[in-house]
Structure formats: structure tokens, C-alpha cells
1. Inside the stretch 62-93, can you point out the residues that are assigned to a loop (DSSP other than H, G, I, E, B), within 10 Å of residue 47 (Cβ to Cβ) and touching a residue at least 12 places away in the same chain (Cβ under 8 Å)?
2. Under 8 Å by Cβ, and 6 or more places apart or on different chains, what pairs join a residue from the stretch 27-45 that is at negative phi and exposed (fewer than 13 other Cβ atoms within 10 Å of the Cβ) with one that is modelled with pLDDT of 95 or more and not in a helix (DSSP H, G or I)?
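The values are calculated or read from the model by the stated rules, or taken from the named source; none is laboratory data. Because the structure is predicted, anything quoted here is derived from the model rather than measured. Please note: Cβ atoms are built from the backbone with ideal geometry, for glycine as well, and neighbour counts cover all protein chains shown.
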């Protein structure tokens, strides 16, 4: 029954949202692998470190590479994958 409910919730998201979540999760999990962290379940400090690293990234012109809205979208993706796997959302701390 739980799988059926999870499937219904998942299919209620638009294709664009599903792609954005998948992309955000892939970026985060690759960062975790490079830095020796577990992506799932993630410790809130790991997510914070990931966001600080991304926020500190600058372009060749010296400008911030990522907008705050992009960072928020990545947090939503991380939370989504945690909820889907039955773990607490790391951003809740």
C-alpha cells in the first residue's frame, strides 16, 4: 500500500519537477561522493557544507555562479529524495 501511495504522489509532480529533482539530486550525490559524505541519509551539516560550497562558487567574471533560488531548488530535491526513502528531511534542522 505504501508503494502505491508513493507512486501516486510521485506521478502528481510535473515532468519538469521530476527532472529538476533528479538533476539536483545527481549533483548533490556526486558532490557527496567527491567529499566522502553519505548522500542518503544526509546529516544536516553535510547539506549545509554542500550549500556553502555552491554559494562560494564564482564564475570566471567573479560573480556568484548560483542564485539563491537555485540553491533552494537543490534543497527541495534533497528533501524529496529523503522523504521518498523514508528519512527525515535534512533541511528541517
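1. 93
2. 33/39; 43/37
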